[in-house]
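A.B. asks: This is the structure I want to talk about, given as structure tokens.
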Amino acid sequence: MSADYISKVFELIFSPYGLIGIIIAIVVLNKATHSPRVAWLLFSVCCYIASLGKFQDEWIQEPPPLVFPLQQLRDMGRPLTIVLLGLLLILALQTKNGWRRILVPEPIKYLIAVQTVILFKILIYGNSEFALQAAFSFGAVVLTMKLGPSKWLQNENNFHLGVWSIAIVGVIFTVACSYQGAINMYAMTFNQGRFLGTTGNPIHASILLSIIIPCLIFLIESRRRWDLIKLFWIAFLFVHAYFLFLTGSRTGMIMGITSILLFYRNRVGMLLRFGLLIGLILVIVLSFINQDSGTTNYALLSDRFVSGGNTREGAWQGMWNGFMSNPCFGKPLSGERLVFGESSWLATADTTGVVGLIPLIMMGLGCLKMMFHLHKLSFRKPHHFLHTSTIISGLSSLLIGSFGEPFLLGNLSFPVMSLMIYLSLGQYLLDVDKIEKKYLLRQQN
């Protein structure tokens, strides 16, 4: 790793905030050892910190500052994520082995292969320090997920907590953005009036919001009675839908709509009920379109969703041409690191050729295979409908979004972490089904 990267980590640890954080971390680790909910909450905080980012382009090198402590968290986002992964790993090492043996689902193994190809190419032809740093970061994520959240999934309670942890990322994001917006909304809408929250750009914000939607629906539908907790999750779903509209991202909107349709794929009544809820949200949002908020142009955002045209066509064509020119190993590296265009799949083909594209395709097929088995499981075990639907809609949302954005190629990001946790949750359901089948066979014999 680079000396600058290591110095930032030590700077964070030995700063006044870092020392306070160490005290809090000791208390949290002690609590998490005895409380699964606290352990999953620590994972939620890690995921949120991983989503922090700064918007930068050729005109804006430094975005407007956020309020305290969001600005400080954003400045130290990557080192802080590594520190949190370290805390999770310490906690994970104290976790006893359970009955499950497959802690790394097959699609994740193929994703590791893709990252290996990418990092190896950077190591040989680009910035070796960056490659080693990226390899360390991605390795830390995989190891933490394997020994931590994936190993924690041993019973129904932890499955619920796993879904809950992703939803809590949305809660933290919503609370942070509401706090920032109450003081200075412009810091989150300075990019053409589009909402980017505490992420690096509006598309990143829309992806985060879309990924969380299946988990919010699960928490709403799993509570049969109307109570304060159910109303709480419904309220956050309203806010999520509103923020998603403010991003002006068609990719995020397609991801969100797809996840909803697939969640209720074989329950028309529930889909209609949820459609009425979304319709109410849209009525509320559209009522603001002709109003001037001072920072957001609602009419412009609305036009983005209804206007046609493919803004990525040129980038896609360029990546395809690059792949066709260098089909085996991708185009030669022109800088210190690989630059990915607006598609995980075409970007992989363009930069690594078939060497990287084949394992990525295998990863996608592995996800589809899991979704197919979970779909069949939902018919055999109707009481697991919400469980399977959450994973199916979450994975489908991620796969569809990956065709328009290169987030599958990240090494320390919320979309990659969420993909891993969705796959781990799905693998848990398949493992439970497998062990129950074995038990029934023994009973029959």
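A.B. asks: Which pairs do you get when a residue that is closer than 18 Å to Ser393 by Cβ, found in the stretch 416-445, comes within reach of a residue that is open to solvent by 10 Å² or more (accessible area, probe 1.4 Å) and small (Gly, Ala, Ser), reach meaning Cβ atoms under 8 angstrom, with the pair 6+ apart or on two chains?
C.D. replies: Here the result reads Met417/Ala50, each pair linking the stretch 416-445 to a residue that is open to solvent by 10 Å² or more (accessible area, probe 1.4 Å) and small (Gly, Ala, Ser).
A.B. asks: May I ask you to verify whether Phe136 is surrounded by fewer than 21 Cβ atoms within 10 Å (Cβ to Cβ) and over 30 Å from Asp433 (Cβ atoms)?
C.D. replies: Yes; evaluated as a whole, the condition is true for this residue.
A.B. asks: Taking Val141 and the conditions (1) under 30 Å from Val27 (Cα atoms); (2) under 20 Å from the mean Cα position of the chain (by Cα); (3) open to solvent by 20 Å² or more (accessible area, probe 1.4 Å), which numbered condition does it fall short on, given that it satisfies the others?
C.D. replies: Against the list (1) under 30 Å from Val27 (Cα atoms); (2) under 20 Å from the mean Cα position of the chain (by Cα); (3) open to solvent by 20 Å² or more (accessible area, probe 1.4 Å), Val141 comes up short only on (3).
A.B. asks: When the stretch 189-235 is examined, which residues are found to be over 18 Å from Gly162 (Cα atoms), in a helix (DSSP H, G or I) and either without any contact (Cβ under 8 Å) to a residue 12 or more places away in the chain or among the aromatic types (Phe, Trp, Tyr) (or both)?
C.D. replies: Leu228, Leu231, Phe232, Ala235
A.B. asks: Could you figure out which of (1) closer than 30 Å to Tyr439 by Cβ; (2) assigned to a loop (DSSP other than H, G, I, E, B); (3) open to solvent by less than 70 Å² (accessible area, probe 1.4 Å) isn't true of Pro63?
C.D. replies: (1)
A.B. asks: Which numbered condition in (1) open to solvent by 30 Å² or more (accessible area, probe 1.4 Å); (2) at pLDDT 65 or above; (3) touching a helix residue (DSSP H, G or I) at 6+ places or on another chain (Cβ under 9 Å) is the only one that His34 fails?
C.D. replies: Unmet condition: (3).
A.B. asks: All but one of (1) among the aliphatic types (A, V, I, L, M); (2) touching a residue at least 12 places away in the same chain (Cβ under 8 Å); (3) surrounded by fewer than 16 Cβ atoms within 10 Å (Cβ to Cβ) hold for Leu84; state the number of the condition that does not hold.
C.D. replies: (3)
A.B. asks: Please specify each residue of the stretch 313-338 satisfying the condition of being of a type in the set (Ser, Thr, Tyr) and within 24 Å of Ala134 (Cα to Cα).
C.D. replies: If the condition is that a residue be of a type in the set (Ser, Thr, Tyr) and within 24 Å of Ala134 (Cα to Cα), then Ser334 is the only one that fits.
A.B. asks: Restrict the check to the stretch 92-99 and report whether at least one residue is polar (S, T, N, Q) and either under 22 Å from the mean Cα position of the chain (by Cα) or not in a loop (DSSP other than H, G, I, E, B) (or both).
C.D. replies: No, because not a single residue in the stretch 92-99 is polar (S, T, N, Q) and either under 22 Å from the mean Cα position of the chain (by Cα) or not in a loop (DSSP other than H, G, I, E, B) (or both).
A.B. asks: Exactly one of these conditions fails for Glu106: (1) within 23 Å of Ser424 (Cβ to Cβ); (2) more than 19 Å from the chain's Cα centre (by Cα). Give me its number.
C.D. replies: Of everything listed in (1) within 23 Å of Ser424 (Cβ to Cβ); (2) more than 19 Å from the chain's Cα centre (by Cα), Glu106 misses just condition (2).
A.B. asks: Can you tell me which residues in the stretch 101-125 are surrounded by fewer than 16 Cβ atoms within 10 Å (Cβ to Cβ) and either basic (Lys, Arg) or outside any helix (DSSP H, G or I) (or both)?
C.D. replies: Correct list: Arg101, Ile102, Lys109.
The values are calculated or read from the model by the stated rules, or taken from the named source; none is laboratory data. All values derive from a computational prediction rather than experimental measurement. Please note: Cβ atoms are built from the backbone with ideal geometry, for glycine as well, and neighbour counts cover all protein chains shown. Note: areas computed on protein heavy atoms with side chains; ligands, DNA, RNA excluded. Shrake-Rupley method; radii C 1.70, N 1.55, O 1.52, S 1.80 Å.
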